[in-house]
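*Asks:* Got a structure for you, questions after.
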Amino acid sequence: MPTKQRGSYRGLRQYIVTILFVAAAIPFAVIGGSIYHQYRTSIRKNVTLQLTSMVTHHKESIERFLTEITAALMVTTDLVPCDKMETGALQNVFNSLQKEYGHAFEDMGVIDSKGDHLAYVGPYDLLGKNYSQAAWFKQVLEKNVFISDVFLGFRQVPHFIVAVKQGEGKCGWILRATVDAARFGSLVENVRLGRTGDAFIVTREGYYQTRARVGGGVMEKIEPGSINLSPFEGVKFWEVEDSKGHKVLRAKTWMKDNNWLLIVQQDVDEAFSELFATKNIAMVVFLLGVFLVAVVTFLTTRLLVRKIERADEEKKVLDEQLIQSAKLASIGEISAGIAHEINNPLAIMGEEAGWMQDLLKRDSLKDMTEMADFKDSLQEIAKQAGRCKEITHKLLSFARKMESVIKDVNVNELIDDVVDMVESEAALANIEIIRLYHEHLPLIYSDPSQLRQVLLNLINNALDAIKRGGEVKIETGIGEGDSIAMKVSDTGAGIARENLSKVFDPFFTTKPAGKGTGLGLSICHGIIEKLGGDISVTSEVGKGTTFTISLPLEQKRGE
């Protein structure tokens, strides 16, 4: 073959290799980059929400702690006159508050308007000390209520005080409680956010009020310029570099009248560890894909050029290319339906998990030491597979409306699912949820998703009615005729008799303006009626409210 002709084939080979490689690599890179970007955005959003939610929750907990302590002292000064507050009475008050707040106090004292210590309970020799020149004493005389920063004082130990004043002039006196700095610090520092999670408080002047895991101790000053102490509203989130050169994510918010800055932080490496791992895997996959594209492109091109070189095989080469194009077109059509097939492997996963759960019930496996762990793991697999299936259904619902699913429902298990969603919120409000189930409650044929909505609404209403400290009781039993009964009771404020007949009316609510729409119970009433049941309410002001739901065991199949 002439040299010129060989050169033209070589140039054609290089040209085709370049075109095919670029055409295959660019979409591959764009799709991979888009997926990574979306994943990165999602991870960053989740981390941001986690930190901001944590700093908000911590702020509420700390402010609630300080508010409750202050209120307790104010109530004490209202109930016990100064002339009755001798050491014995003060000891009783101190013991009661210690029991209520988990030994959060170091000591307690009564101080007159001149600053003299009249009565004292605690481990230090402070009786007779005069505080007339102390900054906190002047503040409490001026403001009546004062919460100090951490300081040393006469005892030369880091602490802070909560003081309230009662009376005016010579009759004025002060009840002062010293808060244990270490116990208060544990309330702030108790952040379980991975290995590097940390929370601490600094003053507007830059002094630590609690110990920082990677910073200074109590009353030490922060490094200049390490934290911006300018006042602001709400929560701020940003990424900075600490003194050791580590990048950290921080969320901060002001509290205590903008005197304390609460900071929650976590190392970037740990916060985005999942993202970094995914990035490395994606890079490996990308490089492997590029390599495979290059190899396939090169081999295909070489084969194509060789066939072009052989004129007598030109038709065969063209036919093979047409066949290959047809295959690619078929693959493209098939790929359009892949999204609808996601539920198939999810269903198989759920069935396999169920099969393995059945295997664990065999007598030969009962003595396994890890039996509980296996059961918990299989339940979690089945649960997560179900969640994934629900997610795909929710995504498909954007395109088409999904019909209600009527099936056999275990009401006791459904209640457990709903209670799991609100139990942590109830615990924070010191509300106990009591479940009293009928042991042999039959299954009902109904819509579990709508029943879940009704129960969640009723339980949330009960929690709102109680506010703090009480109990919500959920009972199941056999109703009249072929029906089952559910009761949701609370120990809240109750509903006035004149309002009982209106609670299921649309837009009627007893909540303050802006706190409720008045549609929740109306929707619940409509759902229960649609399912062939009945819902009623009884209530007594000051004792609580009970909602009773009656549902038939069997509905007409096809309703």
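*Asks:* Looking only at region 538-554, count every residue that is outside any strand (DSSP E or B) and closer than 18 Å to GLU498 by Cα and tell me the total. Break it down into steps so the answer makes sense when it comes.
*Replies:* Step one: of region 538-554, the residues outside any strand (DSSP E or B) are 541-543, 553-554.
Checking the rest, the ones that are also closer than 18 Å to GLU498 by Cα come to 541-543.
Number satisfying all stated conditions: 3.
*Asks:* Considering every residue within region 220-231, establish whether at least one is crowded, with 19+ Cβ neighbours inside 10 Å, hydroxyl-bearing (Ser, Thr, Tyr) and either closer than 23 Å to LYS45 by Cα or modelled with pLDDT of 85 or more (or both).
*Replies:* no
*Asks:* Oh, and also: Looking at region 183-206 only, could you name the residues that are on the phi > 0 side of the Ramachandran plot and modelled with pLDDT under 85?
*Replies:* So in region 183-206, the residues on the phi > 0 side of the Ramachandran plot come out as 194, 206.
Scanning region 183-206 gives a single hit, GLY194.
*Asks:* Out of VAL454, VAL472, I need the residue that is touching a helix residue (DSSP H, G or I) at 6+ places or on another chain (Cβ under 7 Å) and over 20 Å from SER522 (Cβ atoms). Which one? Explain how you work it out, then say what you get.
*Replies:* Numbers: VAL454 fails: over 20 Å from SER522 (Cβ atoms).
After ruling out the rest, the residue left standing is VAL472.
Yes/no matrix, rows are residues, columns are (1) at pLDDT below 85; (2) loosely packed, with under 13 Cβ neighbours inside 10 Å:
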position	(1), (2)
GLU233	no, yes
TRP238	yes, yes
ASP242	yes, no
SER273	yes, no
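*Asks:* Also, I was wondering about something else. Kindly state which strands (runs of 3 or more DSSP E) lie completely within region 423-537 and contain at least 1 residues that are farther than 18 Å from GLU554 by Cβ.
*Replies:* On the way: elements: 431-436, 444-446, 470-478, 483-490.
Filter on region 423-537 gives 431-436, 470-478, 483-490.
*Asks:* Checking the conditions here, which among ALA181, ALA177 is surrounded by 18 or more Cβ atoms within 10 Å (Cβ to Cβ) and within 23 Å of CYS82 (Cα to Cα)?
*Replies:* Working: ALA181 fails: within 23 Å of CYS82 (Cα to Cα).
The match here is ALA177.
*Asks:* Considering every residue within region 139-146, establish whether at least one is surrounded by 21 or more Cβ atoms within 10 Å (Cβ to Cβ), at pLDDT 85 or above and charged (D, E, K, R).
*Replies:* Our first condition is that a residue be surrounded by 21 or more Cβ atoms within 10 Å (Cβ to Cβ); within region 139-146, this holds for 140, 146.
With at pLDDT 85 or above added as a condition, the list becomes 140, 146.
Next, only the ones that are charged (D, E, K, R) stay: none.
The answer is no; no qualifying residue exists.
*Asks:* Just to check your reading of the model, which residue among LEU456, LEU500, LEU451, LEU519 is among the aliphatic types (A, V, I, L, M) and buried (at least 18 other Cβ atoms within 10 Å of the Cβ)? If you could, list the steps in order and put the result at the bottom.
*Replies:* Working: LEU456 fails: buried (at least 18 other Cβ atoms within 10 Å of the Cβ); LEU500 fails: buried (at least 18 other Cβ atoms within 10 Å of the Cβ); LEU519 fails: buried (at least 18 other Cβ atoms within 10 Å of the Cβ).
Just one listed residue meets the conditions, LEU451.
*Asks:* Mind checking which residues of region 356-375 are assigned to a helix (DSSP H, G or I) and either surrounded by 11 or more Cβ atoms within 10 Å (Cβ to Cβ) or among the polar types (S, T, N, Q) (or both)?
*Replies:* MET356, GLN357, LEU359, SER364, LEU365, MET371, PHE374, LYS375
*Asks:* Separate question: Of (1) under 22 Å from ARG435 (Cα atoms); (2) of a type outside the set (A, V, I, L, M); (3) at pLDDT below 65, ASN410 satisfies all except one. Which?
*Replies:* If we test ASN410 against (1) under 22 Å from ARG435 (Cα atoms); (2) of a type outside the set (A, V, I, L, M); (3) at pLDDT below 65, just (3) comes out false.
*Asks:* Mind listing whichever residues of region 134-173 are of a type in the set (A, V, I, L, M) and more than 19 Å from GLU68 (Cβ to Cβ)? So that I can check it myself, show each step before the final result.
*Replies:* From region 134-173, those of a type in the set (A, V, I, L, M) are 134-135, 140-141, 145, 147, 150, 152, 157, 161-164; that's our starting set.
Within region 134-173, ALA134, ALA135, LEU141, VAL150, LEU152, VAL157 qualify.
*Asks:* Can you name every residue in region 428-473 that is hydrophobic (A, V, I, L, M, F, W, C) and more than 18 Å from GLY533 (Cα to Cα)? Show your work before the answer.
*Replies:* Of the residues in region 428-473, the ones hydrophobic (A, V, I, L, M, F, W, C) are 428-429, 431, 433-434, 436, 441, 443-444, 451, 454-456, 458-459, 462-463, 465-466, 472.
Residues satisfying the conditions are LEU428, ALA429, ILE431, ILE433, ILE434, LEU436, ILE459, ALA462, LEU463, ALA465, ILE466, VAL472.
*Asks:* Limited to region 114-138, what total is found for residues that are of a type in the set (Gly, Ala, Ser) and surrounded by 15 or more Cβ atoms within 10 Å (Cβ to Cβ)? Show your work before the answer.
*Replies:* To start, the set of residues in region 114-138 that are of a type in the set (Gly, Ala, Ser) comprises 115, 119, 122, 128, 132, 134-135.
Now narrow it down to the ones that are surrounded by 15 or more Cβ atoms within 10 Å (Cβ to Cβ): 115, 119, 122, 134.
So the count comes out to 4.
*Asks:* May I ask you to list the residues in region 99-113 that are at pLDDT below 85 and surrounded by fewer than 16 Cβ atoms within 10 Å (Cβ to Cβ)?
*Replies:* Taking region 99-113 and keeping what is at pLDDT below 85, we get 100-104.
Result: GLU100, GLY102, HIS103.
*Asks:* Let me ask something else about it. Return the residue satisfying two criteria in turn: it lies in region 476-497 and is closer than 14 Å to THR548 by Cβ, in contact (Cβ under 8 Å) with a residue 40 or more places away in the chain and not β-branched (Val, Ile, Thr), and of such residues it is surrounded by the fewest Cβ atoms within 10 Å (Cβ to Cβ).
*Replies:* GLU480
*Asks:* Still on this structure: So which pairs qualify, if the first residue must be in region 149-178 and in contact (Cβ under 8 Å) with a residue 24 or more places away in the chain, the second must be in a loop (DSSP other than H, G, I, E, B) and of a type in the set (A, V, I, L, M, F, W, C), the Cβ gap must be under 6 Å, and the two must be at least 6 apart or on different chains?
*Replies:* VAL150/VAL218; VAL150/MET219; PRO158/VAL150; PRO158/VAL218; PRO158/MET219; PHE160/VAL150
*Asks:* Could you say which residue among ASP116, ASP125 is under 15 Å from LYS165 (Cα atoms), without any contact (Cβ under 8 Å) to a residue 40 or more places away in the chain and of a type in the set (Asp, Glu)? Give the derivation first.
*Replies:* Numbers: ASP125 fails: under 15 Å from LYS165 (Cα atoms).
Selected residue: ASP116, the only one of ASP116, ASP125 that is under 15 Å from LYS165 (Cα atoms), without any contact (Cβ under 8 Å) to a residue 40 or more places away in the chain and of a type in the set (Asp, Glu).
*Asks:* Moving on. Which of the residues that make up region 476-491 are of a type in the set (D, E, K, R) and modelled with pLDDT under 90?
*Replies:* Taking region 476-491 as the starting set, the residues that turn out to be of a type in the set (D, E, K, R) are 480, 482, 487, 490.
GLU480, ASP482, listed by residue number.
The values are calculated or read from the model by the stated rules, or taken from the named source; none is laboratory data. Everything numeric in this text was worked out from a predicted model, so none of it was measured. We place every Cβ from the backbone using ideal geometry, glycine too, and count neighbours over all the protein chains shown.
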